[in-house]
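The values are calculated or read from the model by the stated rules, or taken from the named source; none is laboratory data. All figures in this text were calculated on a predicted structure; none of them were measured in a lab. Reconstructed Cβ throughout: ideal geometry from the backbone, glycine too, with neighbour counts over all protein chains shown. The protein model used for the area step is the full one, side chains on, heavy atoms only, and it has no ligands, DNA or RNA in it. Shrake-Rupley method; radii C 1.70, N 1.55, O 1.52, S 1.80 Å.
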Amino acid sequence: MNDAGLIIERRGAICLLTIDREPVRNALDAATARALDAAVTQAEGDPDIGAIVLTGAGHRAFCSGMDLKEAAVMGAGHGLIPDRGFGGLTERRRTKPLIAAVNGTAVAGGFEIILACDLAFAADHVLMGLSEVKRGLFAFAGGVQRLARQIPRGTALAMIMTGELLPARRLYELGVVTEVLPAAQLLDRALAVTTAMLGNSWDAINNGRRLYELAADMELNQALAMGKAWGMATLDSPDSRAGIAAYGGGRQAENSGP
């Protein structure tokens with residue numbers, strides 16, 4: 001554990017980040033939020049890193065949001081990073097996939113971080129939700145906004161207005177969680193899927209992810225036109241040529257990675 005409560009590891013082309021404040025249910029204080037923001041910025045700028053996996057220490061909590069004890073002394077909002085949101089993640093414009101390995105309860109800002117991730121693997125005992133309303137707050141750092149886009153109105157408003165938590169299995173059914181599995185398998189599975197993903201063209205991964213995000217806010221015809229223009233520009237890329245040639249030759253493609 002370092003002073004900022006964040007463990008940074010390298011697993012091949014993956015940057016593994018572990019929020020390491022288990023005694024306070026992995027809540028983010030100002031120092032840990034800044035450390036997390038800095039670690040993601042560094043990983044984004046490293047050409048040899050293809051994806052980031054984020055998890056929490058222990059099995060009780062992934063992240064319980066803002067450190068309320070610090071907030072009681074210093075005032076609320078110190079985990080918010082200007083222009084990048086809670087923990088430097090909920091408003092960040094990323095260039096690389098971010099995957100959550102949800103090891104324990106994720107509430108408030110912790111759930112907002114999961115909603116901002118591209119994939120979320122969750123242990124089968126996990127509960128998640130937006131508990132801010134119970135503390136006189138609401139989830140303005142992306143929680144309300146992303147639930148409005150991702151799940152049905154009745155369920156979203158119940159989570160927002162009651163603060164009650166939902167089990168991982170229900171969030172899987174709603175499409176928020178990618179996969180639910182036993183806690184003992186969680187991190188290995190998240191890393192294995194991420195490693196397999198990075199066996200594909202990194203440019204193709206990120207172009208597809210970016211087009212998906214843009215298309216969600218566009219009329220279909222506009223999104224199709226953008227996709228065609230963007231896609232046609234990449235058809236002659238080294239990865240595309242190698243992939244097509246490999247298929248024609250009956251062999252596995254060797255993507256360029258970075």
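Examine segment 21-38 for a residue that is buried (at least 24 other Cβ atoms within 10 Å of the Cβ), touching a Leu at 6+ places or on another chain (Cβ under 9 Å) and hydroxyl-bearing (Ser, Thr, Tyr), and state whether such a residue exists. Yes, there is a match, as at least one residue in segment 21-38 is buried (at least 24 other Cβ atoms within 10 Å of the Cβ), touching a Leu at 6+ places or on another chain (Cβ under 9 Å) and hydroxyl-bearing (Ser, Thr, Tyr).
When the criteria are applied in full, residue 155 meets the requirement of being open to solvent by less than 50 Å² (accessible area, probe 1.4 Å), assigned to a helix (DSSP H, G or I) and over 18 Å from residue 101 (Cβ atoms). As a summary of the residue check, residue 55 satisfies the conditions (1) hydroxyl-bearing (Ser, Thr, Tyr); (2) more than 25 Å from residue 186 (Cβ to Cβ); (3) in a strand (DSSP E or B) except for the one numbered (2). Taking the condition assigned to a helix (DSSP H, G or I) and more than 16 Å from residue 176 (Cβ to Cβ), does residue 134 pass? Yes. Condition first: modelled with pLDDT of 95 or more, open to solvent by less than 10 Å² (accessible area, probe 1.4 Å) and not in a strand (DSSP E or B). Now tell me which residues in segment 90-102 satisfy that. Scanning segment 90-102 gives a single hit, 97.
Do you know which of the residues in segment 1-18 that are buried (at least 16 other Cβ atoms within 10 Å of the Cβ) and out of contact with any Ser or Thr (no Cβ under 7 Å at 6 or more places or on another chain) is nearest to residue 198 (Cα to Cα)? By that ranking, first place goes to 13.
Condition check for residue 174 on (1) modelled with pLDDT of 80 or more; (2) under 30 Å from residue 155 (Cβ atoms); (3) open to solvent by 40 Å² or more (accessible area, probe 1.4 Å): one failure, at (3).
All conditions but one from (1) touching a Ser or Thr at 6+ places or on another chain (Cβ under 7 Å); (2) open to solvent by 10 Å² or more (accessible area, probe 1.4 Å); (3) outside any helix (DSSP H, G or I) apply to residue 48; the one that does not is (1).
Take the conditions crowded, with 22+ Cβ neighbours inside 10 Å and either modelled with pLDDT of 95 or more or of a type outside the set (A, V, I, L, M) (or both) and apply them to residue 54. Does it pass? Against the criterion (crowded, with 22+ Cβ neighbours inside 10 Å and either modelled with pLDDT of 95 or more or of a type outside the set (A, V, I, L, M) (or both)), residue 54 qualifies. Of the residues making up segment 170-189, those that are more than 22 Å from residue 143 (Cβ to Cβ) and small (Gly, Ala, Ser) number 2.
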